[in-house]
Amino acid sequence: MSDVNKIICNYIYKTWILTYKSQRAFGLDHGIEESIVRKIKNTALNNEKSNYNIPVNTLNKICEAKNIMLSEFFKLIEK
(Lines give C-alpha, C1' and ligand atoms only; values in the text may rest on other atoms or scores of the structure.)
Protein backbone atom coordinates (compact mmCIF):
# COMPACT_ATOMS: atom_id res chain seq x y z
CA MET A 1 0.00 0.00 0.00
CA SER A 2 1.37 3.37 -0.93
CA ASP A 3 1.64 6.17 1.59
CA VAL A 4 -0.64 8.44 -0.43
CA ASN A 5 -3.37 5.80 -0.46
CA LYS A 6 -3.10 5.48 3.31
CA ILE A 7 -3.33 9.27 3.66
CA ILE A 8 -6.45 9.37 1.47
CA CYS A 9 -8.21 6.58 3.37
CA ASN A 10 -7.17 8.05 6.71
CA TYR A 11 -8.54 11.48 5.83
CA ILE A 12 -11.86 10.11 4.54
CA TYR A 13 -12.30 7.89 7.58
CA LYS A 14 -11.33 10.37 10.29
CA THR A 15 -12.94 13.44 8.72
CA TRP A 16 -16.10 12.06 7.17
CA ILE A 17 -16.93 8.45 8.00
CA LEU A 18 -16.55 8.86 11.77
CA THR A 19 -19.12 11.68 11.73
CA TYR A 20 -21.84 9.35 10.43
CA LYS A 21 -24.06 7.20 12.62
CA SER A 22 -23.09 4.13 10.57
CA GLN A 23 -20.89 2.96 7.72
CA ARG A 24 -24.04 1.97 5.85
CA ALA A 25 -25.43 5.51 6.11
CA PHE A 26 -22.18 6.95 4.78
CA GLY A 27 -22.21 4.52 1.86
CA LEU A 28 -25.82 5.31 0.97
CA ASP A 29 -25.25 9.08 1.14
CA HIS A 30 -22.14 8.86 -1.03
CA GLY A 31 -23.22 6.33 -3.64
CA ILE A 32 -20.80 3.59 -2.62
CA GLU A 33 -21.24 0.14 -1.13
CA GLU A 34 -20.87 -0.38 2.61
CA SER A 35 -18.13 -2.91 1.88
CA ILE A 36 -16.07 -0.12 0.30
CA VAL A 37 -16.58 2.02 3.40
CA ARG A 38 -15.28 -0.89 5.50
CA LYS A 39 -12.23 -1.23 3.24
CA ILE A 40 -11.47 2.49 3.65
CA LYS A 41 -11.90 2.18 7.43
CA ASN A 42 -9.72 -0.93 7.71
CA THR A 43 -6.98 0.67 5.63
CA ALA A 44 -7.11 3.82 7.77
CA LEU A 45 -6.92 1.76 10.95
CA ASN A 46 -3.93 -0.25 9.69
CA ASN A 47 -5.83 -3.52 9.57
CA GLU A 48 -3.24 -5.93 8.18
CA LYS A 49 -5.85 -7.72 6.08
CA SER A 50 -6.73 -4.54 4.21
CA ASN A 51 -4.63 -2.49 1.85
CA TYR A 52 -7.43 -0.96 -0.19
CA ASN A 53 -6.32 1.08 -3.17
CA ILE A 54 -9.21 3.48 -3.57
CA PRO A 55 -10.13 3.96 -7.24
CA VAL A 56 -10.36 7.50 -8.56
CA ASN A 57 -13.97 6.79 -9.52
CA THR A 58 -14.87 5.97 -5.91
CA LEU A 59 -13.00 9.00 -4.63
CA ASN A 60 -14.84 11.14 -7.16
CA LYS A 61 -18.24 9.82 -5.98
CA ILE A 62 -17.38 10.73 -2.41
CA CYS A 63 -16.17 14.19 -3.45
CA GLU A 64 -19.29 14.82 -5.55
CA ALA A 65 -21.47 13.93 -2.56
CA LYS A 66 -19.44 16.39 -0.47
CA ASN A 67 -19.78 19.02 -3.22
CA ILE A 68 -16.04 19.39 -3.69
CA MET A 69 -13.84 18.82 -6.70
CA LEU A 70 -11.08 16.24 -6.67
CA SER A 71 -8.52 19.02 -6.85
CA GLU A 72 -10.00 20.54 -3.67
CA PHE A 73 -9.82 17.15 -1.95
CA PHE A 74 -6.14 16.81 -2.70
CA LYS A 75 -5.53 20.28 -1.30
CA LEU A 76 -7.31 19.21 1.90
CA ILE A 77 -5.09 16.19 2.41
CA GLU A 78 -1.94 18.24 1.88
CA LYS A 79 -2.64 20.19 5.08
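The values are calculated or read from the model by the stated rules, or taken from the named source; none is laboratory data. Note that this is a predicted model, so its numbers are computed, not measured. Every residue, glycine as well, gets a Cβ built from its backbone with ideal geometry; the counts of neighbours run over all protein chains shown. These area figures cover heavy atoms from the full protein model, side chains too; ligands, DNA and RNA do not enter into them. Shrake-Rupley method; radii C 1.70, N 1.55, O 1.52, S 1.80 Å.
Pairs are defined by a Cβ separation below 6 Å, a sequence spacing of at least 6 or placement on different chains, a first member in the range 62-79 that is under 15 Å from K6 (Cα atoms), and a second member that is at pLDDT below 95 and open to solvent by 60 Å² or more (accessible area, probe 1.4 Å); the pairs so defined are I77/I7. Here A44 passes the criteria (1) out of contact with any Cys (no Cβ under 7 Å at 6 or more places or on another chain); (2) in contact (Cβ under 8 Å) with a residue 24 or more places away in the chain; (3) within 21 Å of E78 (Cβ to Cβ) except the one numbered (1). Residues in the range 52-69 that are surrounded by 13 or more Cβ atoms within 10 Å (Cβ to Cβ), of a type in the set (A, V, I, L, M, F, W, C) and in a helix (DSSP H, G or I): 4 in all.
Considering only residues in the range 15-40 that are under 14 Å from Y52 (Cα atoms) and touching a Phe, Trp or Tyr at 6+ places or on another chain (Cβ under 7 Å), the one that is most open to solvent (accessible area, probe 1.4 Å) turns out to be K39.
Test of understanding: among K75, K49, which residue is open to solvent by 40 Å² or more (accessible area, probe 1.4 Å), in a loop (DSSP other than H, G, I, E, B) and not polar (S, T, N, Q)? Spell out how you get there, then give the answer.
Details: K75 fails: in a loop (DSSP other than H, G, I, E, B).
None of the others qualify; the one that does is K49.
Tell me, yes or no, whether the range 38-45 has at least one residue that is closer than 15 Å to A65 by Cβ and within 11 Å of the chain's Cα centre (by Cα). Yes, there is a match, as at least one residue in the range 38-45 is closer than 15 Å to A65 by Cβ and within 11 Å of the chain's Cα centre (by Cα).
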